[in-house]
Amino acid sequence: MSVKVEKTENKNEVKLSFEIEAAKFEEAMKKVYVKTAKYFTIPGFRKGKAPMAIVERTYGSSIFYEDTFNELVPEIYDEAIKENKIEAVSTPQIDISQMEKGKDLKFTAIVQIKPEVKLGKYKGIELKKIEYTVSDKDIEHELGHMAEHNARLVNVEDRSVEKGDITIIDFAGSIDGVAFNGGTAENQELEIGSNKFIPGFEDQVIGMKIDEEKDIKVTFPEDYFSKDLAGKEATFKVKLHEIKKKELPKIDDDFAKDVSEFDTLKELKASIKEKLEKENEEKVKFETQDAAVKNVCDNTEIDIPSGMIDSEIDNMVNDMKSRLQYQGLTLDNYLKMVGKTEQEFRKDYEEQAKEAVKSRLVIEAIVKAEKIEADDKDITAKIEEMAKNYGREAKDLEENEALKNYIKGSLETEKAIEFVVKNAKIK
């Protein structure tokens, strides 16, 4: 077997030319015959028992070619990539020039490779100082959330609906007198002022009384997710069944005892302040690191291969599919709802994917330039932390080389970003 590697006219792309001996191709073809013989039915032979030559004569001499190629080539291709130290970042484009029994197999594989990263300034970059403080208003806001969470609902019968009330309604929507899907519900709970319904709907419920019926007219937003309804005027027949209001608890020492482990409101406020300060510290750290990476990326030249961007978009789309599954939706259903093709949907991710790939390549380059390494102690500590979080034995995770490599890469990424921030000039 021989392999020739050469650059193509396109940047970050190489062509591998393969020539595999006829004997090796025929040996692989015999293996394919053994695996697939059971699928052939030929008169005069029990199923799967017809000799290879008879199968070829019956179905054509090329019957085993495609499966033989797929059986033989992937391992050979992977070995060639490894031996020639090629960092492939795309699926190879295969072109077969000769595939025939008794002759050498000849084909080429064109593949994109990881690009050169021309790092710009990454030490001593200038960053704006990010600061967040916890005010009394922030603490009161948090207490308000806690009070809302612990509020009780009280039935109201002596007045009409006001903003902030919880209502129980029936509604039936129609456009030009024709009902539409999803426009009808009974005993629906709706908080007035939550803005969960179509703009203008909740405002028109205000003033209604129990058992009152009313026609509410609204116009669906032009950017409404359902293109069939977007921009159209609809009429909803609404009947009000119940009005409830939230009765908030008094925020005092008793409230603190009820909702926390503290005996006094002062202690609870101190705890809230401490929690918010820690959240702010994490926020400052994340935003500073994000700004640092963006700064370095802006100073760096990289010609990113399309294959890397496509792979990143694939990951993003698959992540979206997983999130949709939790909501009982498929991607096809979602695309119909938003009125987009899959190609348009993928296009929306393109810039985000480019930024993600560039950030990753820049950080890898810094790791290499600064000889940053995650030592065994760091990796072991991370594995023990993961094992604890997932209720697993650390020794089981330590045997997973792929996981260890992933952890090593993640730790080195963290160290590289910390290095940039540490060496930055923060003003």
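The values are calculated or read from the model by the stated rules, or taken from the named source; none is laboratory data. Source: prediction; values computed, not measured. Heads up, the Cβs are rebuilt from the backbone with ideal geometry, glycines too, and the neighbour counts pull from every protein chain shown. Protein only, heavy atoms only, side chains kept; ligands, DNA and RNA dropped before computing areas. Shrake-Rupley method; radii C 1.70, N 1.55, O 1.52, S 1.80 Å.
General observations
- Filtering the range 283-299 for residues that are without any contact (Cβ under 8 Å) to a residue 60 or more places away in the chain, of a type in the set (G, A, S) and part of a helix (DSSP H, G or I) leaves an empty set.
- Enumeration of residues in the range 22-34 that are surrounded by fewer than 12 Cβ atoms within 10 Å (Cβ to Cβ) and either more than 18 Å from D104 (Cα to Cα) or among the β-branched types (V, I, T) (or both): V34
- Hits in the range 100-159 (condition: of a type in the set (A, V, I, L, M), more than 30 Å from F25 (Cβ to Cβ) and over 33 Å from the mean Cα position of the chain (by Cα)): I139, L143, A147, A151, L153, V154, V156
- Checklist (1) open to solvent by 40 Å² or more (accessible area, probe 1.4 Å); (2) closer than 17 Å to E202 by Cα applied to T235, failing item: (1)
- Across the range 215-224, the qualifying residues are those that are surrounded by 13 or more Cβ atoms within 10 Å (Cβ to Cβ) and over 16 Å from I192 (Cα atoms), and the one among them that is farthest from the chain's Cα centre (by Cα) is T219.
- The residues of the range 109-156 that are under 30 Å from G200 (Cα atoms), outside any strand (DSSP E or B) and in contact with an Asp or Glu (Cβ under 9 Å, 6 or more places away or on another chain), listed by number, are N150, A151.
So that you can scan it fast, the table gives a plain yes or no per residue for (1) surrounded by 14 or more Cβ atoms within 10 Å (Cβ to Cβ); (2) without any contact (Cβ under 8 Å) to a residue 60 or more places away in the chain; (3) acidic (D, E):
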position: D258; (1), (2), (3): no, no, yes
position: S311; (1), (2), (3): yes, no, no
position: N315; (1), (2), (3): no, yes, no
position: T330; (1), (2), (3): no, yes, no
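- Residue within the range 191-200 that is in a strand (DSSP E or B) and either at negative phi or open to solvent by 60 Å² or more (accessible area, probe 1.4 Å) (or both) present: yes
- Meets criteria (farther than 30 Å from T167 by Cα, touching a residue at least 12 places away in the same chain (Cβ under 8 Å) and open to solvent by 60 Å² or more (accessible area, probe 1.4 Å)) for K246: no
- Residue in the range 372-391 that is of a type in the set (K, R), touching a Leu at 6+ places or on another chain (Cβ under 7 Å) and more than 30 Å from L229 (Cα to Cα) present: yes
- Residues in the range 187-230 that are free of Cβ contacts under 8 Å to residues at least 60 places away in the same chain, out of contact with any Asp or Glu (no Cβ under 9 Å at 6 or more places or on another chain) and either over 19 Å from I166 (Cα atoms) or of a type in the set (F, W, Y) (or both): F197, F201, D215, P221, E222, D223, Y224, D228, L229.
- Test: residue in the range 51-64 that is surrounded by fewer than 15 Cβ atoms within 10 Å (Cβ to Cβ), more than 30 Å from T288 (Cβ to Cβ) and aromatic (F, W, Y): yes
- Residue within the range 339-355 that is out of contact with any Phe, Trp or Tyr (no Cβ under 9 Å at 6 or more places or on another chain) and among the aliphatic types (A, V, I, L, M) present: yes
- In the range 1-21, residue surrounded by the most Cβ atoms within 10 Å (Cβ to Cβ) [restricted to those that are in contact with a strand residue (DSSP E or B) (Cβ under 7 Å, 6 or more places away or on another chain) and over 30 Å from D303 (Cβ atoms)]: I20
- Scan of the range 113-151 for residues that are in contact with a Pro (Cβ under 8 Å, 6 or more places away or on another chain) and either exposed (fewer than 15 other Cβ atoms within 10 Å of the Cβ) or among the polar types (S, T, N, Q) (or both), ordered by number: N150, A151
- Selection within the range 350-377: residues that are assigned to a loop (DSSP other than H, G, I, E, B) and at pLDDT 95 or above. The member of this set that is least open to solvent (accessible area, probe 1.4 Å) is I372.
- Any chance K38 is in contact with an Asp or Glu (Cβ under 8 Å, 6 or more places away or on another chain) and open to solvent by 30 Å² or more (accessible area, probe 1.4 Å): no
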